[in-house]
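What follows is a single structure, written as C-alpha cells, with notes after it.
The values are calculated or read from the model by the stated rules, or taken from the named source; none is laboratory data. Keep in mind it's a predicted model, so treat the numbers as computed, not measured. Because the Cβ atoms are built from the backbone with ideal geometry, glycine has one as well, and the counts that use them run over all protein chains shown.
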Amino acid sequence: MPTQVHEFAWPDRVVVGTIGLPGERTFYLQVRAGTQIVSIALEKQQSALLAEKIDEILDQLINLDGNPFSVPVGTPTELVDNEQLESVEEQFRTGAMSLGWDPATLQVVIEAYPLVEVDADDDAEVTEALLSEDDVDVPEMLRVRMPVGTARAFAMRTRDVVGAGRPTCSDCGHPIDADGHSCTPPED
C-alpha cells in the first residue's frame, strides 16, 4: 500500500499549539496551506526537541562563511504567530520524526510518521523491519518545508508553548498540579 504523504512545500502557517489545561494538554503540530489543514498529535518532549534541533540547524547555517542562506539570528517579528490552533482534527499521533535541511530550496524540512502500535507477538518482526527501513510500510506521513525565518519563528513559538505548562517544583523538579503537590526532595 503506498504511503499517503501530506506535503506542504510553502505552508501559509505552521505552528505547535495545545488543547487542554496544563497537565492535561495535547500538543499538535498544525500546518495550513490555503484550505488544507493537517494536525498531528505530538508529545511535549517531541515538541521541545523539535524546536531545539531547528535552532541548532539554523545556528550551524549562520556560522557558515558569510551566512550564505541569510539565516536570521533572531526571530523576525513579522513572522511571529501567537494565534490559537485552527479547527483540529487529529490526522495521527506522531511516532518517529526526522529533521533536515534542503539546500536546493533553502528550507528546513520536518517529516513525521505515525506511532506504530505493536502486539507483543509481532515485536521481533517489527524491530527487524524498522532496522531495515526499506520494509517499513506506513499508511501516511507529514512533510513540511519551512523557509529559515518561518523556521526560527516556529521554534520560538514552540518553546513558548512548551514552557507555558505547569510550574516546576524547586525541590524535586516535578510539575506542580493545580490542586497542589507533595514531594520528597532529593537527598544530597
Inset, instruction - Show the residue pairs that are 6+ apart or on different chains and have beta-carbon atoms under 9 Å apart, the first residue being within the stretch 163-178 and within 17 Å of Ala48 (Cα to Cα) and assigned to a loop (DSSP other than H, G, I, E, B), the second being small (Gly, Ala, Ser) and at pLDDT below 75. - result: Arg166/Ala178
Inset, instruction - Report, by residue number, each residue of the stretch 1-24 that is over 16 Å from Phe92 (Cα atoms), in contact (Cβ under 8 Å) with a residue 40 or more places away in the chain and part of a loop (DSSP other than H, G, I, E, B). - result: Met1, Ala9, Trp10, Pro11, Leu21, Pro22, Gly23
Inset, instruction - Within the stretch 26-85, count every residue that is among the polar types (S, T, N, Q) and part of a strand (DSSP E or B). - result: 4
Inset, instruction - Check whether at least one residue in the stretch 124-141 is part of a helix (DSSP H, G or I), under 21 Å from the mean Cα position of the chain (by Cα) and modelled with pLDDT of 90 or more, and report yes or no. - result: no
Inset, instruction - Looking only at the stretch 27-47, count how many residues are farther than 14 Å from Met97 by Cα, touching a Phe, Trp or Tyr at 6+ places or on another chain (Cβ under 6 Å) and surrounded by fewer than 19 Cβ atoms within 10 Å (Cβ to Cβ). - result: 1
Inset, instruction - Output the residues belonging to the stretch 108-123 that are more than 17 Å from Glu43 (Cβ to Cβ), surrounded by fewer than 20 Cβ atoms within 10 Å (Cβ to Cβ) and modelled with pLDDT of 95 or more. - result: Val109
Legend entry - Members of the stretch 48-84 that are surrounded by fewer than 13 Cβ atoms within 10 Å (Cβ to Cβ), hydroxyl-bearing (Ser, Thr, Tyr) and in contact with a helix residue (DSSP H, G or I) (Cβ under 8 Å, 6 or more places away or on another chain): Ser70
